[in-house]
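Note sheet for the following structure.
The values are calculated or read from the model by the stated rules, or taken from the named source; none is laboratory data. For clarity, every value in this text was computed on a predicted model and none was experimentally measured. Keep in mind that these areas ignore ligands, DNA and RNA; they rest on the heavy atoms of the full protein, side chains included. Shrake-Rupley method; radii C 1.70, N 1.55, O 1.52, S 1.80 Å.
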Amino acid sequence: MRLSILYKYTLFLAGVFACISSQVKANDLSVEFSGFATLSMSYSDDSDIGFSSNYLNESETGFSFSRDSILGGQANITINNNWDAVVQGIYQDRSAKYFNNFLELAFIRYRPQRNWIIRAGRMNSDLFLLSEYPYVGYAYLWARPPHAYYSFASTAGHYDGVDVEYNNQIDDGFLRVKLALGTTTPKLTAGDEQLTITFDDLYILSAVYIKDEWTFRAATSKSDVSNFESMPFNTLIDSLNTIAPSNIWPQAAHFARGFEHQHHSINYSALGLAYDNANWLIQAEAGKTKSDWMVVPSNNSGYVSVGYRVNEMTYFGGLSIAKNKKNTPEIVTPESLAYLPEAVQYATTELIEVTEYAVKRTIVDQKNVNVGAKWYYSDKVVFKVQADHFIIEPTGGGLWDIAPELGIDVEHNVNLISFSASLVF
């Protein structure tokens with residue numbers, strides 16, 4: 001039985017047990033509603049390169065009021081001392097308008113004793129320092145979480161499954177260790193085409209230790225690619241598999257296997273560190289993706305951010321980077337192509353060019369520096385201003401919507417300025 005089926009049964013049984021628990025009394029049940037929102041206006045100075053804050057959202061150029069704007073709501077349902085549930089939904093400018101893309105959390109939680117927690121349902125992935133609040137703009141410094149790092153996080157920001165947590169006080173600090181099992185199916189848009197990937201048999205092991213001003217986090221995960229739906233890629237794979245005999249283009253079979261989703265898995269590891277002494281706020285994260293699937297190539301990413309508080313103002317600056325780990329596969333046009341019929345030459349040459357574009361288009365290689373300020377207007381409202389400069393290296397625009405005619409083999413520089421107001425209610 002696949003794990004995804006097990007999770008559905010686990011969630012169902014957890015709900016049943018919660019409802020029939022002999023400890024539940026009508027006056028124990030309570031529901032608390034809360035919300036958060038960000039209204040943002042931003043401007044990108046390159047009208048030919050679309051920017052989105054993560055893989056799930058629409059890419060836009062020029063002025064935008066929707067690029068980082070968000071509205072979210074959450075219900076915390078207390079059943080009794082041992083059982084509770086959380087449901088969170090958000091509305092953002094998603095490129096694929098599916099209910100699944102707007103439901104962030106929907107889990108039931110059981111505390112058998114003080115140090116243990118068991119959850120089942122839809123939960124945050126707990127791979128990052130911002131895992132608990134990636135959409136609550138009030139809670140972090142920047143106009144958006146660091147682009148080069150958290151864009152990847154959006155594809156696995158939540159999962160459907162179960163997790164078990166152990167927490168305890170250790171040496172004047174607080175330790176939390178969590179093991180999670182699940183599956184996730186993000187629906188994305190690449191260009192004008194929709195793309196769906198199912199990551200099955202997802203395992204996440206994470207640990208967080210908090211002591212005084214310091215927070216340490218380490219996490220690792222592994223998932224199998226069990227399904228991949230993309231009309232352009234599926235068409236390309238079919239075309240590569242039709243090349244016969246193989247000596248027409250010997251590399252065709254290699255690239256077909258590289259794009260196919262079968263027998264591919266993705267490993268991700270991350271480290272995070274935060275320091276907050278009321279004046280200085282320093283935060284850094286580093287992640288490593290290991291993959292042999294050409295659609296999601298291996299990469300390293302990370303950022304460092306430094307903030308300093310002066311009364312109600314916090315001034316900050318930072319650097320983030322994402323870089324492909326492996327050399328771009330070299331595509332070789334066979335010499336024998338010149339001796340084939342003209343129609344075969346044309347079709348094979350066109351397929352080689354499309355394959356080369358597909359290989360290069362997924363690669364991420366960029367740097368970003370930013371400066372900004374956050375004004376704590378009240379205990380519920382903050383205002384932010386931020387300026388970003390992005391350097392997109394040649395064949396490194398995987399996080400950007402770059403028009404094909406601009407060329408993906410050249411460097412691009414993009415400036416982005418953002419003004420936002422974030423509130424909680």
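For the chain, take the longest principal axis of its alpha carbons; what is the angle in degrees between that and the long axis of helix 231-241, to the nearest 10 within 0 to 90?
The helix 231-241 is inclined about 40 degrees to the chain.
Pop out the ³J(HN,Hα) list for region 364-370 in order, Karplus 6.51 cos²θ - 1.76 cosθ + 1.60 with θ = phi - 60°, rounded to Hz; leave Gly and Pro as x.
Listing the rounded values in order: 10, 8, 8, 10, 8, 10, 9 Hz.
Please identify, among Leu129, Leu202, Leu236, the residue showing maximal mean-square fluctuation in a Gaussian network model of the chain using a 10 angstrom Cα cutoff.
Most flexible of the set in this elastic network: Leu236.
May I ask for the Rg/Rh ratio of the chain, computed from Cα atoms with Rh as the Kirkwood radius, given to two decimals? Could you put the intermediate results ahead of the total?
Details: Rg = 23.4 Å, Rh = 23.4 Å.
Answer for the chain: 1.00.
With every protein chain left in place, what is the accessible area per residue of region 275-353 in square angstrom, probe 1.4 Å?
On the way: 4600 Å² over 79 residues.
Heavy-atom accessible area per residue stands at 58 Å².
Distance from the Cα centre of region 128-181 to that of region 207-280, in angstrom?
Taking the Cα centre of region 207-280 as reference, the centre of region 128-181 is 19 Å away.
Assign one of three labels to region 173-289, namely rounded, prolate or oblate, based on the Cα gyration tensor with a ≥ b ≥ c the square roots of its eigenvalues; rounded applies when a/c is under 1.5, prolate when it is not and a/b is larger than b/c, and oblate otherwise.
On the way: a/c = 3.03, a/b = 2.77, b/c = 1.09.
Cα axes put region 173-289 in the prolate bin.
So which aspartates and glutamates pass the test for Lys374, namely a Cα distance under 17 Å, with those fewer than 8 places away in the same chain ruled out?
Once the sequence-local aspartates and glutamates are set aside, what remains near Lys374 is Asp68, Asp276, Glu312, Asp388.
Taking θ = phi - 60°, what integer Hz values does the Karplus form 6.51 cos²θ - 1.76 cosθ + 1.60 yield along region 320-333, in sequence order, with x for Gly and Pro?
10, 8, 9, 9, 5, 7, 10, 5, 5, x, 7, 9, 10, 7
Over region 357-425, what lengths in whole Å, largest first, do the semi-axes of the equivalent ellipsoid take, defined as the square roots of 5 times the eigenvalues of the alpha-carbon gyration tensor?
On the way: eigenvalues 229, 29, 16 Å².
Ellipsoid semi-axes (Å, largest first): 34, 12, 9.
Could you tell me how far the Cα centroid of region 81-119 sits from the Cα centroid of region 27-49, in Å?
17 Å
Take the solvent-accessible surface of the protein heavy atoms, probe 1.4 Å, and return the percent of it on region 201-240 that carbon and sulfur atoms account for. Spell out each step's value before the answer.
Details: 1150 of 1950 Å².
Of all accessible area on region 201-240, carbon and sulfur atoms account for 59 percent.
Specify the inter-centroid distance of region 335-406 and region 297-315, based on alpha-carbon positions, in whole Å.
Using only Cα atoms to place each centre, the spacing works out to 24 Å.
Which ³J(HN,Hα) values in Hz, rounded to whole numbers, follow from the phi angles of region 130-145 under the Karplus curve 6.51 cos²θ - 1.76 cosθ + 1.60, where θ = phi - 60° and Gly and Pro get x?
Computed from phi, the couplings for region 130-145 are 9, 4, 6, 8, x, 10, 8, x, 4, 7, 10, 5, 7, 5, 8, x Hz.
For region 29-118, what is Rg from Cα atoms divided by 2.2 N^0.38 Å, rounded to two decimals?
Working: Rg = 18.0 Å, N = 90, 2.2 N^0.38 = 12.2 Å.
Rg over 2.2 N^0.38 Å, computed on Cα atoms: 1.48.
For a 19 Å ceiling on Cα separation, which of these pairs sit above it: Lys211/Lys288; Lys290/Lys323; Lys187/Lys326; Lys97/Lys187; Lys97/Lys323? Walk me through the intermediate numbers first.
On the way: Lys211/Lys288 26 Å; Lys290/Lys323 12 Å; Lys187/Lys326 26 Å; Lys97/Lys187 9 Å; Lys97/Lys323 30 Å.
Too far apart for the 19 Å limit: Lys211/Lys288; Lys187/Lys326; Lys97/Lys323.
Mind checking the alpha-carbon convex hull of region 86-164 and giving the volume per residue in Å³?
So the per-residue hull volume is 114 Å³.
Counting only protein heavy atoms and a 1.4 Å probe, tell me what percentage of region 354-423's accessible area is made up of carbon and sulfur.
Details: 1870 of 2930 Å².
Carbon plus sulfur share of accessible area: 64 percent.
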